[in-house]
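Everything on this sheet refers to the single structure shown next.
The values are calculated or read from the model by the stated rules, or taken from the named source; none is laboratory data. It should be emphasised that the depicted structure is a prediction, and the values quoted were computed from it without experimental measurement. Note that each Cβ is placed from the backbone with ideal geometry, even for glycine, and that neighbours are counted across all protein chains shown. Accessible surface is based on the protein model in full, side chains and every heavy atom, while ligands, DNA and RNA are left aside. Shrake-Rupley method; radii C 1.70, N 1.55, O 1.52, S 1.80 Å.
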Amino acid sequence: MYAGKYAVERASDPAFIMAGSGEAVSYADFDARTNRLAHLLRAQGLKRLDHYAIFMENNSRYLESCGAGERSGLYYTCVNSYLTPEELAYILQNSESQVLITSREKREVAAAALKSCPRIRLCLVVGGHAMGGASAAGERGLFADFEQAVDGFPATPIADEWLGTPMLYSSGTTGRPKGILRPLPANPPSQPLPLFEFLVKLWRYRERMIYLSPAPLYHSAPQAAVALTIRCGGTAVIMERFDPEAYLALIDKHRVTHSQLVPTMFSRMLKLPAEARRRHDLSSLEVAVHAAAPCPVQVKERMIEWWGPILHEYYGATEGLGFTACDSAEWLAHRGSVGRVLLGDLHILDGEMKPCPRGAPGEIWFKTATPFEYFNDPARTAAARSADGTMSTVGDVGYVDDDGFLYLTDRSTFMIISGGVNIYPQECENLLITHPRVMDAAVFGVPNEDLGEEVKAVVQAMPGVATGPAFEQELIEFCGRHLARQKCPRSVDFIAELPRLPTGKLYKKALRDRYWEGRKSRIV
């Protein structure tokens, strides 16, 4: 989030636009905003390599909250804005954050969390001028109105500018979230980390591009994409929240050239009425990137038919272990793949850390492309590395074909062992989501006295669809026409809404745990 030379060269052009309100912030104003906040952080005693945190929804102050850290050598942690006070407090303490930036909307959660966060010396509240009376945390003198607090500081750069970077946390879908710390060289803010220069070329970013961001800014992918847009002299259009038809309308309105999505967004746009999909001109789109979760083959095929061969897929954990990618032409020749390795050295290994044959699934390991550690967590850092320390994993399972293309199978923690057979539920999930009357689906193992586990599907139906035994049988038979019998669900439950994070990641452990209460599960 560094404006650099564009604060002068494109001073009056918008660095970003908030999609809902239409508020536009120019490059000159954005540069001044990040400078003022950087001065405030220095005044609070934060020096290079110190930490602060951001906990709020997408709003017009979010980008400068990141940008100030990026030009003052700080680690900034963007926290999932849906966390509870206890979850937020854990991250604030674990990250050693000294300042918290939040919003009026999230203030009460922040106040509850700060009761157990003695390191936090200041909490800036966006929209705080209307935030009401003091809370228990407010009585400690922690809270200040964001706009008023930064207003008295200079709009010029601090004297000691250094490159800063996010320290983001894993989503915590299988345990406590982990802070992912990358070494931060003593670079000026104009010199980004090499990974980001690589992404600019891969995703064909350019000056005056228009990037549409439909996802929460606390997540690593939109974080990187918006930051690179501004570094390239483009304009980022920030959606406060994703809505499928509003997204299409914004492409038309702003002549969007680039965007990044997750597969659930594709599915929801494809299930719009045909007239809604035809209503908007999408011809300005040049590149649509997607990642975060495996994309069902049928969904991606339909998206390429609709948008043309502009889809670019990648696979890469927030940890930066390695990176694979493919464009539409490569994917059409290797349907279901997440691409070939572009960064890192890929290895597919079995449970004994021995190489798997071509085409055989195993855990994905990389000789790490970029070094990292889990902040304040040496045990989990060690657990993610091979015994000799040369390779790292995040627990994904996949295989490589004869052409060197990687295919994701599932997370190793969600593998189902039924009657001694290993079943990866992602394939069934991807199939169910293509059913015209299914909005979303999760598949996992539940207890079975005879087999150990059996396959269970939990489905969110499309609005207005009647659920019950008849629809359950229809879905089981639908799976049976496309998958081997052991991969198909033995039963289907229906739920109003699946616990999917706004980043597109399914919070499957919370769902699965309901079926294992009082029973011993392999997943901790």
- Task: Would you check if there is a residue in segment 31-44 being β-branched (Val, Ile, Thr) and closer than 23 Å to Lys5 by Cα?
- Result: yes
- Message: When the residues of segment 391-408 are narrowed to those that are under 25 Å from the mean Cα position of the chain (by Cα) and small (Gly, Ala, Ser), which ends up farthest from Ser170 (Cα to Cα)?
- Response: Gly398
- Message: Being open to solvent by less than 40 Å² (accessible area, probe 1.4 Å) and closer than 22 Å to Ile180 by Cα is true for just one of Gly127, Gly69. Which residue is that?
- Response: Gly69
- Note on segment 45-72: residues over 18 Å from Ala7 (Cβ atoms) and hydrophobic (A, V, I, L, M, F, W, C) are Leu46, Leu49, Ala53, Ile54, Phe55, Met56
- Query: How many residues, within segment 72-89, are aromatic (Phe, Trp, Tyr) and more than 20 Å from Arg182 (Cα to Cα)?
  - Reply: 1
- Item | Residue count for segment 263-296, restricted to those that are open to solvent by 50 Å² or more (accessible area, probe 1.4 Å) and not charged (D, E, K, R) | 3
- Query: Among the strands (runs of 3 or more DSSP E) confined wholly to segment 273-343, which include 1 or more residues that are within 19 Å of Gly359 (Cα to Cα)?
  - Reply: 311-315, 323-326, 339-343
- Message: Being in contact (Cβ under 8 Å) with a residue 40 or more places away in the chain and assigned to a loop (DSSP other than H, G, I, E, B) narrows it down to one residue among Gly504, Gly464, Gly445; which is it?
- Response: Gly504
- Query: For the subset of segment 334-353 comprising residues that are small (Gly, Ala, Ser) and touching a residue at least 24 places away in the same chain (Cβ under 8 Å), which member is surrounded by the fewest Cβ atoms within 10 Å (Cβ to Cβ)?
  - Reply: Gly336
- Residue that is surrounded by the fewest Cβ atoms within 10 Å (Cβ to Cβ) [pool: residues in segment 189-234 that are of a type in the set (Lys, Arg) and outside any loop (DSSP other than H, G, I, E, B)]: Lys201
- Item | Those residues of segment 429-442 which are without any contact (Cβ under 8 Å) to a residue 60 or more places away in the chain and not charged (D, E, K, R), in sequence order | Leu432, His435, Val438, Ala441
- Query: Which residues, taken from segment 44-87, are of a type in the set (S, T, N, Q) and more than 19 Å from the chain's Cα centre (by Cα)?
  - Reply: Gln44, Ser60, Ser72
- Task: Collect the residues in segment 193-221 that are touching a helix residue (DSSP H, G or I) at 6+ places or on another chain (Cβ under 7 Å), over 19 Å from Met18 (Cα atoms) and in contact (Cβ under 8 Å) with a residue 40 or more places away in the chain, keeping them in residue-number order.
- Result: Tyr205
- Could you please find all residues in segment 236-256 being open to solvent by less than 10 Å² (accessible area, probe 1.4 Å) and either under 23 Å from Tyr2 (Cβ atoms) or among the β-branched types (Val, Ile, Thr) (or both)? Ala236, Val237, Ile238, Met239, Ile251, Val256
- Any idea which residue in segment 429-449 is farthest from the chain's Cα centre (by Cα), counting only those that are under 19 Å from Trp516 (Cβ atoms) and either aromatic (Phe, Trp, Tyr) or surrounded by fewer than 20 Cβ atoms within 10 Å (Cβ to Cβ) (or both)? Glu449
- Message: Show the residue pairs meeting these rules: Cβ distance below 8 Å; 6+ apart or different chains; first residue within segment 131-155 and over 16 Å from Asp29 (Cα atoms) and at pLDDT below 95; second residue open to solvent by 60 Å² or more (accessible area, probe 1.4 Å) and not in a helix (DSSP H, G or I).
- Response: Met131/Arg104; Ala136/Lys115; Ala137/Lys115; Leu142/Arg121
